[in-house]
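Here the structure comes first, spelled out in structure tokens, and everything after it is commentary.
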């Protein structure tokens, strides 16, 4: 979960040609591999076939989900991509690691995993908090780029959470909690990138007393004799029995190689097959309704068709499970126009600046993706107001919002995070009518923030770069004949002015019968002229983070 760049100018068709050229080098697997197969059905593992996909109505109506992006990298409480950063000499995480645990040649990430116990994890309690806050679906991390599965896996039999660390099936616990609270369940899958991502673990210090001593990324099963990991093969975790990619010693090079281009060493057939099998097993065993891939388009594309086969399998399985209805949702990043027909486009830490023709999703976090104690100590979490404003803005543009609340290594969230969730809960319990089951209006909004919107960068990353929202920023949603106008702040004089609802405006030629605050069935004082519709707020309602007005035609 960090900034990356697209495969510049590549389309699905061009990528297919590239796939054919690199097939021999990358050892692309056959349509059916030893281990897991693809469910039969109308979807085949091709982009053209996947274009039959239609987003299910339940997802279009849900609008809001919450996420536990939680795994062993939360144990050090020192931020995202820890299992990579700890192997980058001189970096903040390297220095922290050496001080807390020791040198990464002696104490590697495999050892961090062993220390992680998740001793206070209560999935029912956390998922219940998120359900109460208005989330309609819940996501759990199934594995990250660290390649550690958080479920019982016969294809990653040793390096998973039932064998090492918590010694619990975390995905099973999350899935049962989501089901109990009546929420759709999703998993996020990131492990396709471990091959390139862990390359820093092959390196060594360039200076100091341990210069030249390799980190633990190349250790073998034989090296574990007499140690806690005796009989375990670290290469099943690190996957580093391969040459380094071009410029691998430059920490930033990975961002230009995220789509397996620009000198990235292509993963082996065995690696691609293993990822395919692990993911199919995950889908079949826990039956999630949603799967988030932290990939350009689909996992391992375009050097392998594993992601295409996984997508076809999930769609066909969903149709069979739901008696002819496709209920599944798959998310991908940096999708071209054709790929957006095949799955839901996900924008990381950012928003589109227009009403999108296909429903999409923003994924963001109130802090770091993995828990970071410094964010807590310095009180740098996003506020409930920021999350609510983001939700309203995204929904007005035909999007959904997925929010991660970072979980500590022990399985709990801190009191600051609980207060933020409580703030979201308070607003949603009164105002969710203007969010759930709505659709975009003719325009998504008005106000100064629209005029200063920041463009997307790579897969997103434009949040917080535009002008802050104020009471002049209005966002619109609709439900049948009802128009909702949500003001993103408190006006100084207590009056909300909506220019798009002025007399004679072609966007709303109908007469207005009354205007109410959502959840309060009392008409508000209003005046409509050629400049705007002006609505006076009740004095006892001032000071809220956002005001949802329900505009009812006359």
Legend entry - Test: residue in the stretch 364-386 that is free of Cβ contacts under 8 Å to residues at least 60 places away in the same chain, at positive phi and outside any helix (DSSP H, G or I): yes
Inset, instruction - Could you tell me whether any residue of the stretch 49-66 is on the phi > 0 side of the Ramachandran plot and either free of Cβ contacts under 8 Å to residues at least 60 places away in the same chain or assigned to a loop (DSSP other than H, G, I, E, B) (or both)? - result: yes
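Of everything in the stretch 241-256 that's surrounded by fewer than 22 Cβ atoms within 10 Å (Cβ to Cβ) and in contact (Cβ under 8 Å) with a residue 24 or more places away in the chain, which residue is farthest from residue 143 (Cα to Cα)? It would help to see each step written out before you state the result.
Filtering the stretch 241-256 down to residues surrounded by fewer than 22 Cβ atoms within 10 Å (Cβ to Cβ) leaves 241-253, 255-256.
So of that shortlist, the ones also in contact (Cβ under 8 Å) with a residue 24 or more places away in the chain come out as 242, 244-245, 248-249, 251, 255-256.
Values: 242: 22, 244: 23, 245: 23, 248: 23, 249: 25, 251: 22, 255: 20, 256: 22 Å.
If we take residues in the stretch 241-256 being surrounded by fewer than 22 Cβ atoms within 10 Å (Cβ to Cβ) and in contact (Cβ under 8 Å) with a residue 24 or more places away in the chain, then 249 is farthest from residue 143 (Cα to Cα).
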Inset, instruction - Could you figure out which of (1) outside any strand (DSSP E or B); (2) under 30 Å from residue 347 (Cα atoms) isn't true of residue 212? - result: (2)
Inset, instruction - Restricting attention to the stretch 266-287, report how many residues are buried (at least 24 other Cβ atoms within 10 Å of the Cβ) and either on the phi > 0 side of the Ramachandran plot or outside any helix (DSSP H, G or I) (or both). - result: 1
Inset, instruction - Among the numbered conditions (1) in contact with a helix residue (DSSP H, G or I) (Cβ under 9 Å, 6 or more places away or on another chain); (2) surrounded by fewer than 18 Cβ atoms within 10 Å (Cβ to Cβ), tell me where residue 542 comes up short. - result: (1)
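Examine the stretch 121-139 for a residue that is within 27 Å of residue 35 (Cβ to Cβ), out of contact with any helix residue (DSSP H, G or I) (no Cβ under 6 Å at 6 or more places or on another chain) and not in a helix (DSSP H, G or I), and state whether such a residue exists.
Applying the first criterion (within 27 Å of residue 35 (Cβ to Cβ)) to the stretch 121-139 yields 139.
Next cut, out of contact with any helix residue (DSSP H, G or I) (no Cβ under 6 Å at 6 or more places or on another chain) only: 139.
Filter once more, so that each one left must be not in a helix (DSSP H, G or I): 139.
Scanning the stretch 121-139 turns up at least one residue that is within 27 Å of residue 35 (Cβ to Cβ), out of contact with any helix residue (DSSP H, G or I) (no Cβ under 6 Å at 6 or more places or on another chain) and not in a helix (DSSP H, G or I).
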Inset, instruction - Could you look through the stretch 495-530, keep only residues that are in contact with a helix residue (DSSP H, G or I) (Cβ under 7 Å, 6 or more places away or on another chain) and within 23 Å of residue 428 (Cα to Cα), and pick out the one that is surrounded by the fewest Cβ atoms within 10 Å (Cβ to Cβ)? - result: 519
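Just so you know, all these numbers are worked out from the coordinates, no wet-lab data involved. Predicted, not measured: the structure shown is a model, and the values here were computed from it. Note: ideal-geometry Cβ built from the backbone for every residue, glycine included; neighbour counts use all protein chains shown.
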